Amino acid sequence: MNFISKSYFLLALTVLPFQGFAQSTSDEIAKYREMIADGNPSELYEMAGEELWKKPAGPKNTSLERCDLGMGPGVVDGAAARLPKYFKDTNRVQDLESRLMTCMETLQGISAQSVIDAKFGVGPKKDMDAIVAYVVTKSKGQKVNVSVAHPKEKLMYELGKKAFSFQGGPYDFSCASCHNAPGKRIRLQDLPNLTTQEGAIVGWGYWPAYRVSSGQFWTMQQRINDCLRQQRLPFPIYGSDFTIAVSMYMAVTANGGVIQTPGLKR
Amino acid sequence: MTRSIKKSLQEFIILTTIVSGLCYSLVTNAQTTSFDKTFNDMMNSSFRTEGIADISRIKQDANQKLCSDQKFYMTKAGEKQARAIEKQNMATIVQPSDGNYIGDWKSGEAIAQSGRGATWTDTAELPVGGGCYNCHEINKKELSYGNIGPSLWNYGKNRGYSKELITYTWNRINNSKAYNACSNMPRFGHFKLLTEKQIQDVMALLLDPNSPVNQ
C-alpha cells in the first residue's frame with residue numbers, strides 16, 4: 001500500500017463515527033479490521049519505540065540496546081513470545097513492562113517508580129507504550145512459548161490461576177465472571193474464554209493493541225487495568241505481581257498459539 | 001502364612017495407611033496455607049485505592065470467598081455453605097417501603113441501559129446504572145445486548161403477573177445470590193448499587209403489562 005492510501009486510512013480512522021461502530025456486529029468489525037490491516041496505527045508507535053530503544057536517554061545517557069529481555073542482552077526478536085519469565089538478577093518473574101522498567105532503571109537511571117506513577121499515555125508511560133509496541137512486533141507471527149520450568153514461574157502461574165477467579169468489590173466480579181466460557185458477550189463485545197488455549201490466544205495473542213474506540217495504543221498492563229476498573233475493583237499497581245500473575249496464567253494457557261501483536265481492537 | 005502373621009500384617013497395613021494419610025493431609029494443609037499466604041500478600045501489595053474504588057474492595061465476604069473457589073464449591077461441604085449463604089442473602093432483602101413493586105418502565109429502560117457507576121473514574125454522586133443490557137436481552141428493539149444472563153424479552157407476558165413472580169423478581173434484582181450463591185449477577189440491593197426507586201422502575205420494565213418488553 002502506498003503512502004497516500006495508507007495516510008487516507010489513518011485519517012479515516014480518526015473521523016470514523018465510533019458510536020455507530022460500537023453498535024455494529026462482530027462480522028463488520030472483522031471486515032473493518034481486514035480493511036485497515038495494512039495501516040494499523042500501531043506502526044507509528046513501533047517506529048517511535050525503535051528510536052527510543054536505540055537513543056541514549058535518562059541520567060546515565062544510555063540506550064536500551066543492552067537490555068536483557070530474557071534471551072540475552074540486546075535480543076529483541078522473539079523475546080516477547082517468551083514473557084513473562086523468571087529473571088535471576090531481579091529474582092522475580094517479570095512481564096514485558098516490568099522487565100523494561102528494570103532495564104530503564106539499571107541501564108538508563110530512570111526510576112521504575114516514575115514509570116509506575118505516570119498516568120497512562122503520558123510521560124514515561126507514553127515512551128513505555130512505544131517501546132512495548134516495538135518489542136512485541138518482533139514476536140509477531142511466532143508462537144507463545146512461556147515456560148513454567150522454574151519453581152517461581154510455576155508459582156506465578158498458580159497464583160494467576162487463583163487470581164483469575166478472585167471475586168471482590170461491590171459487583172462480586174472476577175475475571176472468570178466474563179471469561180470462563182465460550183460464546184459470551186457484554187453487549188456486542190465478544191469475550192474470549194481465557195481458560196482454554198484457543199480463547200486465551202485471542203486475548204493474550206492480540207494485546208498489546210491499537211484501540212480504535214479510544215484512538216490509543218494499549219499495552220497488556222493497561223488492558224488488565226481497564227478490566228479491573230470495570231470489575232469495580234481497586235487500582236492494580238502497574239507491574240505488580242497480580243498483573244504479572246494474571247498475565248502468566250493467560251500466556252501459559254495460550255502457549256502454542258500464534259502471536260498477532262500489535263492487534264487492532266474495538 | 002499363619003493366621004496371626006496375616007492379622008498383624010493387616011493391622012500394619014491399616015496403621016501405615018492411616019499414618020501416611022494423616023501426614024499427607026498435614027503436608028498438603030501446610031502447603032495450602034503457605035500458598036494462600038503468598039496469594040494474600042500478593043493481593044495486598046498489588047492494589048491501591050483510586051477515587052471511590054477503595055482498597056477495602058479486595059476484602060472478600062464469605063459469599064465471594066466461596067465463589068472464588070470453584071473446586072471447594074463443587075464439594076459436599078461447599079454445597080452446604082452455598083445453601084447457608086443463600087439463606088443469609090434472602091434474610092437481608094428489604095421489601096419496598098411504600099408497598100409498591102412497580103414503578104415507571106420508561107425510567108426503568110434508562111436504568112437498564114446504563115452500565116455506569118462505581119468505578120474509580122466515577123464519582124460517588126453519579127447514579128449507578130443497572131447495566132442490565134450488558135448481560136440480558138430485554139426490549140428486542142435494543143440490538144446491543146449481552147448473553148451472560150437469560151433473555152428477559154416478554155418477561156411478564158410469558159410468566160404471568162402473579163404476586164409470587166413479582167416478589168421473586170424483586171428479590172432476584174435485590175440479591176440474586178439468595179437463589180444461587182454463585183450467580184453472576186451483582187447484588188444490587190445488598191451493596192446499595194440501585195436505590196429502591198430505581199429497582200421499582202426496573203421492575204416496571206419487566207412486569208408492567210404496558211412495558212414494551214411485554215408486547
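Read-outs: derived from the displayed coordinates by stated rules, not from any lab. The shown structure was predicted, so the numbers you read here are calculated from the model rather than taken from an experiment. Here Cβ is always computed from backbone atoms with ideal geometry, including for glycine, and neighbour counts include all displayed protein chains.
Entry remark, the range A:40-67: residues being among the polar types (S, T, N, Q) and within 12 Å of A:Tyr134 (Cβ to Cβ) number 1 in total. Inside the range B:34-70, can you point out the residues that are among the small types (Gly, Ala, Ser) and either touching a Lys or Arg at 6+ places or on another chain (Cβ under 8 Å) or assigned to a helix (DSSP H, G or I) (or both)? B:Ser34, B:Ser45, B:Ser46, B:Ala53, B:Ser56, B:Ala62, B:Ser68 - these are the residues of the range B:34-70 that are among the small types (Gly, Ala, Ser) and either touching a Lys or Arg at 6+ places or on another chain (Cβ under 8 Å) or assigned to a helix (DSSP H, G or I) (or both).
Here the range B:63-92 is the region considered, the condition is being within 11 Å of chain A (Cβ to nearest Cβ) and among the hydroxyl-bearing types (Ser, Thr, Tyr), and the residue that is surrounded by the most Cβ atoms within 10 Å (Cβ to Cβ) is B:Ser68.
Among the strands (runs of 3 or more DSSP E) confined to the range A:190-266, the ones with at least 1 residues that are aliphatic (A, V, I, L, M) and buried (at least 19 other Cβ atoms within 10 Å of the Cβ) are located at A:209-211, A:263-265.
A count restricted to the range A:164-186 and to residues that are facing chain B (nearest Cβ under 7 Å), under 22 Å from B:Phe191 (Cβ atoms) and either touching an Asp or Glu at 6+ places or on another chain (Cβ under 8 Å) or not in a helix (DSSP H, G or I) (or both) stands at 10. Exactly one residue out of B:Leu205, B:Leu194 is surrounded by 21 or more Cβ atoms within 10 Å (Cβ to Cβ) and closer than 16 Å to B:Thr92 by Cα: that is B:Leu194. Restricting attention to the range B:39-61, the residues being free of Cβ contacts under 8 Å to residues at least 24 places away in the same chain and more than 7 Å from chain A (Cβ to nearest Cβ) number 6. For the range B:130-151, taking the residues that are buried (at least 21 other Cβ atoms within 10 Å of the Cβ) and under 27 Å from B:Asp54 (Cβ atoms), the one that is nearest to the other protein chains (Cβ to nearest Cβ) is identified as B:Asn134. How many residues are closer than 23 Å to A:Asp127 by Cβ, touching a residue at least 60 places away in the same chain (Cβ under 8 Å), within 14 Å of another protein chain (Cβ to nearest Cβ) and among the aliphatic types (A, V, I, L, M) if we restrict to the range A:202-245? Matching residues across the range A:202-245 total 2. On the given criteria, is B:Asp122 over 21 Å from the mean Cα position of the chain (by Cα), closer than 30 Å to B:Asp61 by Cα, surrounded by 15 or more Cβ atoms within 10 Å (Cβ to Cβ) and within 14 Å of another protein chain (Cβ to nearest Cβ)? Against the criterion (over 21 Å from the mean Cα position of the chain (by Cα), closer than 30 Å to B:Asp61 by Cα, surrounded by 15 or more Cβ atoms within 10 Å (Cβ to Cβ) and within 14 Å of another protein chain (Cβ to nearest Cβ)), B:Asp122 qualifies.
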